[in-house]
Amino acid sequence: MKIAIFSDPHLGYNRFEEDSYLQAERTIVSASENADLIICAGDIFDIKVPKLETLKRAVDIFNKAKVPIIGIYGNHERRTKDLTNPAQLLASATGMTLLHGSSTTFEKNNQKVEIFGMGSVPEEYAKEALSKVLQRYNPDKSAFRILVLHQSIKEIMASPSEDELSLDDLEKLPFDLIINGHIHEVHQKLGGKFLIPGSTVITQLKKDQMIERGYFLYQTETKVAEFKPIECRKFFYEEITLEKAT
């Protein structure tokens, strides 16, 4: 089975708003043509209460998917328990399945994948929250099992904290593949078992943002991920150094 994996489109991001829409749309259209299933690892929207025009564009974009989309919400969408976040609205207006401390199963051609998702939680509670939600998870041992998160990862962050999840924490969990959003660069760790697809749009004017944008196409049979770039507006970063300037 082929699974497309993307994250952090940040729809409505005010600095590059049109880019956020166009690049998310290109990702979903391309993923639909190449995959049996699409997974989005959070921060679909840039803010917790997006404007109506952003919600409308998001519905139009996600409705272009020709295969099922399964997602979680990120820290940019997270609201208090009794309030609706925009990812929930998007799920109710499209065919997307939104997970939080829950799982869903997808089957095709006698192949089965089970996806367990946990939306973003404050970093200081991430280890405890993941431990608690997994207590009620009964893995289907006949399925290819996937975990989807949206958290900081200690080994990847520039200034790590003891509260953050680590690759050691994740490696011992009962999953064949672990997907994480939140971090805007592309990473493959744990021998390809841990994937971060990065953001589909630039959100910071930094040198390390001069990278390709796109999504992972993952083959469950071979357990191999291929990064598929999408067309993006080019970002240039230059530094000017002045010597003996007055």
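Remarks
- Criterion violated by Gln188 - all others in (1) on the phi > 0 side of the Ramachandran plot; (2) in a strand (DSSP E or B) satisfied: (1)
- Residues in region 115-132 that are in contact with a Lys or Arg (Cβ under 9 Å, 6 or more places away or on another chain) and open to solvent by 10 Å² or more (accessible area, probe 1.4 Å): Val121, Pro122.
- Total residues in region 158-177 satisfying the condition of being part of a loop (DSSP other than H, G, I, E, B) and either in contact (Cβ under 8 Å) with a residue 24 or more places away in the chain or over 18 Å from the mean Cα position of the chain (by Cα) (or both): the figure is 12.
- Filter pass, Lys112 being part of a strand (DSSP E or B), surrounded by 14 or more Cβ atoms within 10 Å (Cβ to Cβ) and in contact with an Asp or Glu (Cβ under 8 Å, 6 or more places away or on another chain): yes
- Of all the criteria given as (1) closer than 18 Å to Ala225 by Cα; (2) at pLDDT 95 or above, the one not satisfied by His184 is (2).
- Filter result (within 24 Å of Ala225 (Cβ to Cβ), of a type outside the set (A, V, I, L, M) and more than 17 Å from the chain's Cα centre (by Cα)) within region 1-25: none
- Within region 178-222, being among the aliphatic types (A, V, I, L, M), in contact with a Pro (Cβ under 9 Å, 6 or more places away or on another chain) and either without any contact (Cβ under 8 Å) to a residue 40 or more places away in the chain or open to solvent by 10 Å² or more (accessible area, probe 1.4 Å) (or both) holds for one residue alone: Val186.
- Against the test of being surrounded by fewer than 23 Cβ atoms within 10 Å (Cβ to Cβ), in contact with a His (Cβ under 8 Å, 6 or more places away or on another chain) and hydrophobic (A, V, I, L, M, F, W, C), the options Ile47, Ile72 yield a single qualifying residue, Ile47.
- Those strands (runs of 3 or more DSSP E) of region 191-246 in which 2 or more residues are in contact with a Gly (Cβ under 8 Å, 6 or more places away or on another chain) occupy 224-229.
- Restricting attention to region 1-41, the residues being under 23 Å from Glu221 (Cα atoms) and touching a Pro at 6+ places or on another chain (Cβ under 6 Å) number 4.
- For Asp140, the criteria (1) closer than 24 Å to Lys108 by Cβ; (2) open to solvent by less than 30 Å² (accessible area, probe 1.4 Å) hold in every case but one, which is (2).
- Condition met for Lys51 (closer than 27 Å to Leu134 by Cβ and in contact (Cβ under 8 Å) with a residue 12 or more places away in the chain): no
- Test: residue in region 98-108 that is under 25 Å from Ser152 (Cβ atoms) and of a type in the set (D, E, K, R): no
The values are calculated or read from the model by the stated rules, or taken from the named source; none is laboratory data. Keep in mind the model is a prediction, meaning the values are calculated, not measured. Every residue, glycine among them, receives a Cβ derived from its backbone with ideal geometry; neighbour counts consider all protein chains shown. We work out accessible area using only protein heavy atoms, side chains counted, and drop any ligands, DNA or RNA first. Shrake-Rupley method; radii C 1.70, N 1.55, O 1.52, S 1.80 Å.
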